[in-house]
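The next block holds one structure in the form of structure tokens; read it before the comments.
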């Protein structure tokens, strides 16, 4: 038997409810890991699109509200944005929030388990101003 | 034929025009992927140096200006920084902007294509106060 | 001899002194790389827990103080947080700071050396309000 490193790539999506809607992807990513047959490696969860973001947070409503409150102060939804003036668009706040947080999270797994904290969840944060069908990718590189 | 996972590492640089200058690296990273012979895996674009950053954004002048406007509010170029007092330097704003955004972006590819959105670009943001010859690395781990 | 890609996963911890305490992990990660027997690949440093973060910064006291000053303005320790009201907790600022910075840093190495700048360090930033025994993982995927 040759044991080597392999890549698995799976595509998913969530239906979001608009700006600030946060989805806990931890169980899904953990299931992708446990079903992959891979023991250890890295897992990357990455959102497709420039107006949503990935990070980790304790996924309880208070902390999520606090994060959204901070993002609203940093990049108010009703603020003035050059992106609006150029494109007649309304999601300037979405673009800067997403750029600040980043599009992907990369975390290790070992013995088929994600190495994250008990109260640390992998989350997709919708930053756009309306509901979106939001595609994302979970990719493992491991052995 | 044994098909296995391989690593490719390529080095590049851009000449930047100073703080806020943003370079779209998407075509370059996509070319590295397509020329690598690898079908699927992860691509990491990483900047060398502590006063520049990588993220993704819709690379149009309005959204870029909005991001820079936010960063100027968060860490004003002409603000007071302990880094200045210690080193007689002028780039305290650069260090905190870069630390906030982070030095690298990791994204999956499959069938020789980056899995990112149509209006989602991989960008290098110069945070330092003057022009720089800014080296960066594109590394693929894939099969 | 078959040379292939391998995964190495090592676990570590630091004892932190509370919010704003920053630990330079660069030498440790570099040693993990040099002792791994791997020549090139990616290194992921990832913190376990939702109230600490990883990034890169020039690890000198001035720049570190500037980063903490910014985070205190963004998410004041003594601010009002929904997380406090729900849980009687005092670390709402910790959760949003950590979510903003992110839990991991992924960087390339080649010829057994991390490809980072001379004044660019991999750091773990304690965001929680008290001292913590903070576990983290260094994982390499390389050949």
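With a ≥ b ≥ c taken as the square roots of the eigenvalues of the C-alpha gyration tensor of the protein assembly as shown, please select rounded if a/c is under 1.5 and otherwise prolate if a/b is larger than b/c or oblate if it is not?
Details: a/c = 1.26, a/b = 1.26, b/c = 1.00.
Since a/c stays below 1.5, the shape of the protein assembly as shown is classed as rounded.
Considering every pair of different Cα atoms, what Kirkwood radius, in Å, is found for region B:37-92?
On the way: mean 1/r = 0.0695 Å⁻¹.
Averaging 1/r across every pair of different Cα atoms and inverting gives 14.4 Å.
Just to confirm my numbers, what's the Cα centroid distance between region A:1-38 and region B:63-85 in Å?
Cα centres, region A:1-38 to region B:63-85: 36 Å.
Test of understanding: ordering B:123, C:105, C:14, A:47 by Cβ neighbours within 10 Å, fewest first, what list do you get?
Values: B:123 23, C:105 27, C:14 19, A:47 32.
Going from sparsest to densest Cβ surroundings: C:14, B:123, C:105, A:47.
So for the pair residue A:113, residue B:34, with labels modelled 7 Å out along Cα→Cβ, what separation do we get in nm?
In this crude spin-label approximation the distance works out to 4.4 nm.
Add -39500 (n - 2.57) for each DSSP H run of 4 or more in the protein assembly as shown, then divide by its residues: what number comes out at 222 nm, to the nearest 500 deg cm²/dmol? List each step's numbers first, then the result.
Values: 12 runs with 120 residues, N = 429.
Rounded to the nearest 500, it is -8000 deg cm²/dmol.
Could you pull the copy-to-copy label distances for residue B:35, with points set 7 Å along Cα to Cβ, in nm to one decimal and sorted shortest first?
So the label point of residue B:35 gives 3.8, 3.8 nm to the other copies.
If neighbour count is taken as other Cβ atoms inside 10 Å, put A:35, C:78 in order from fewest to most.
Values: A:35 11, C:78 8.
The most exposed by this proxy come first: C:78, A:35.
In terms of the Cα gyration tensor, with a ≥ b ≥ c the square roots of its eigenvalues, is region B:7-142 rounded because a/c is under 1.5, prolate because a/b exceeds b/c, or oblate? Before the final figure, lay out the partial values.
Working: a/c = 2.67, a/b = 1.91, b/c = 1.40.
The shape class here is prolate.
Given points 7 Å out from each Cα along the Cα-Cβ axis, report the residue C:78 to residue A:78 separation in nanometres with one decimal.
The modelled label-to-label distance comes out at 3.1 nm.
Tell me the distances, shortest first, between residue C:61 and the same position across the other copies, using label points 7 Å along Cα→Cβ, in nm to one decimal.
With the label placed 7 Å along Cα→Cβ, residue C:61 yields 4.6, 4.6 nm.
Which whole number gives the average count of other chain Cβ atoms within 10 Å of the Cβ atoms across peptide A:128-140? If you can, show how the numbers build up before the last one.
On the way: counts 0, 0, 0, 0, 0, 0, 0, 2, 2, 6, 1, 10, 2.
Across A:128-140, the average partner-chain Cβ count within 10 Å equals 2.
Laboratory data are not the source of any read-out in this text; all were calculated from the coordinates shown. All values reported here derive from a predicted model rather than from experimental measurement. For neighbour counting, all protein chains shown are included, and Cβ atoms are generated from backbone atoms with ideal geometry for every residue, glycine included.
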